[in-house]
Amino acid sequence: MGSQSTDGGLGQEFTSHVIQAMGPNTTPRMRTVLSALIQHVHDFAREVNLTTEEWLAGVEMINWAGRMSNDKRNEGQLVCDVIGLESLVDDITYREASKTDKPPTSSAILGPFWRADAPIRENGTTITFNTPKDGVVAYMHGQVTDAETGKPLPNTSVDVWQASTNGLYEQQDDDQIDCNLRGKFITDAEGRYSFYCLRPTPYPIPFDGPAGKLLKLMDRHEFRPAHIHLIVQSEGYSSLTTQIFDKDSKYLEDDSVFAVKDGLTVEFKPRKGDSQAEWDLEYDVKLAKKN
Ligand code: BEZ
Ligand code: FE
């Protein structure tokens with residue numbers, strides 16, 4: 001096939017041959033992405049002298065991830081998370097938006113536990129319905145504004161979700177009611193939102209599958225620092241997916257999925273005069289106008 005390198009192995013000529021096998025109906029973007037993927041995967045195999053046994057072990061990990069995945073669990077995404085790929089892609093996607101002297105709030109990865117069908121709840125109400133004995137309630141509130149002008153953004157959806165103190169999101173846990181610890185809040189005329197939630201606690205990502213096996217192989221732990229997830233959406237503005245991290249939490253320096261970023265750590269302060277919450281968290285969000 002005329003694609004062997006001078007040492008008789010399959011070298012760059014072979015790789016070019018595989019890339020050039022794509023037909024004329026492949027779209028330009030697909031050609032760019034797949035060409036680079038093939039090039040890097042071939043170079044990787046050559047660099048580490050990948051053996052058939054090792055390659056098959058990798059294939060089995062991918063198949064195992066597929067078998068474990070369903071509408072409640074996305075193991076493929078989890079595997080990407082422990083090798084930092086979701087964080088890297090998030091950074092690449094949103095880097096442009098931050099190249100301004102008035103940047104919007106930083107983004108962070110979505111993770112596998114968001115639900116599209118979270119209910120809309122009234123501002124000032126709660127998302128914690130099965131508050132566990134070791135759970136501590138916090139009142140979270142803030143204002144959403146235009147990053148450039150500071151103008152408040154009313155009628156903006158603030159979609160939040162968090163794990164319980166046992167480390168489980170409600171869809172992973174039969175003991176939590178449907179949509180516990182999640183909800184969407186619509187900002188008022190001043191762009192303000194508010195709700196009661198749990199002060200978040202660190203938790204392990206699911207480690208009984210290939211993502212956990214990878215962590216073991218890399219001699220790493222499975223914990224994430226305490227965080228709350230947010231998606232903030234306003235008409236005419238770029239949607240923001242992010243996470244905020246308790247500045248006093250363990251694992252800020254060694255998050256198992258590499259999601260912690262500067263500017264996303266927050267301080268919970270003691271809340272006075274409110275029998276419903278021990279902690280107060282004020283968190284304002286800035287959104288960038290859509291181009
Ligand atoms: C999460 O924060 O929900 C999460 C993110 C990545 C992997 C697993 C969980
Ligand atoms: Fe999470």
Contact list, first residue from the range 34-56 and assigned by TED's automatic domain parsing to the domain that holds T15, second anywhere and at pLDDT 95 or above and surrounded by 12 or more Cβ atoms within 10 Å (Cβ to Cβ), beta-carbon distance below 7 Å, six or more apart or interchain, is L34/M22; S35/I19; I38/T15; I38/V18; I38/I19; Q39/T15; Q39/I19; H42/T15
Those residues of the range 137-182 that are touching a residue at least 24 places away in the same chain (Cβ under 8 Å) and within 16 Å of ligand 1 (Cβ to nearest atom) come to a total of 18
Among residues of the range 165-221 being of a type in the set (A, V, I, L, M) and within 15 Å of ligand 2 (Cβ to nearest atom), the residue nearest to the chain's Cα centre (by Cα) is I205
In the range 222-253, residues that are in a loop (DSSP other than H, G, I, E, B) and either of a type in the set (A, V, I, L, M) or within 16 Å of ligand 2 (Cβ to nearest atom) (or both) total 7
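Okay, residues lined up against (1) exposed (fewer than 13 other Cβ atoms within 10 Å of the Cβ); (2) within 26 Å of the chain's Cα centre (by Cα); (3) not charged (D, E, K, R):
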| site | (1), (2), (3) |
| --- | --- |
| G9 | yes, no, yes |
| N25 | yes, no, yes |
| L34 | no, yes, yes |
| D43 | yes, no, no |
| W64 | no, yes, yes |
| C80 | no, yes, yes |
| I83 | no, yes, yes |
| V89 | yes, yes, yes |
| Y94 | no, yes, yes |
Cβ pairs under 9 Å, 6+ apart or interchain, first in the range 105-125 and assigned by TED's automatic domain parsing to the domain that holds S157, second assigned to a loop (DSSP other than H, G, I, E, B) and among the acidic types (D, E), ordered by first then second residue, are T105/D284; S106/D262; N123/D188
Item to complete: Determine whether the range 99-120 contains at least one residue that is surrounded by 15 or more Cβ atoms within 10 Å (Cβ to Cβ), more than 16 Å from ligand 1 (Cβ to nearest atom) and part of a strand (DSSP E or B).
Response: no
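With respect to L78, determine if the residue is closer than 30 Å to A288 by Cα and in contact with a Pro (Cβ under 8 Å, 6 or more places away or on another chain). So that I can check it myself, show each step before the final result.
On the way: closer than 30 Å to A288 by Cα: yes; in contact with a Pro (Cβ under 8 Å, 6 or more places away or on another chain): yes.
Judged against the criteria, L78 is a match.
Looking at the range 239-252, is at least one residue among the charged types (D, E, K, R) and farther than 26 Å from D219 by Cα?
no
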Among helices (runs of 4 or more DSSP H) completely within the range 38-96, the ones holding 2 or more residues that are at negative phi and within 11 Å of ligand 1 (Cβ to nearest atom) are 75-82, 85-94
Over the range 241-283, the set of residues surrounded by 13 or more Cβ atoms within 10 Å (Cβ to Cβ) and over 23 Å from Y203 (Cβ atoms) is R271, E282
>> Given the condition within 21 Å of the chain's Cα centre (by Cα), in contact (Cβ under 8 Å) with a residue 40 or more places away in the chain, assigned to a loop (DSSP other than H, G, I, E, B) and within 16 Å of ligand 1 (Cβ to nearest atom), answer yes or no: does some residue in the range 264-278 qualify?
In response: yes
Within the range 110-157, residues hydrophobic (A, V, I, L, M, F, W, C) and farther than 30 Å from S69 by Cβ come out as V136, V137, A138, M140, V144, A147, L153
Among D188, D219, the single one that is farther than 17 Å from Q143 by Cβ and either without any contact (Cβ under 8 Å) to a residue 12 or more places away in the chain or not in a strand (DSSP E or B) (or both) is D219
Sole miss for P206 among (1) surrounded by fewer than 21 Cβ atoms within 10 Å (Cβ to Cβ); (2) modelled with pLDDT of 95 or more; (3) within 15 Å of ligand 1 (Cβ to nearest atom) is condition (2)
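The values are calculated or read from the model by the stated rules, or taken from the named source; none is laboratory data. Given the structure is predicted, the values throughout are model-derived calculations rather than measurements. Neighbour counts run over all protein chains shown; Cβ positions are idealised from the backbone, glycine included.
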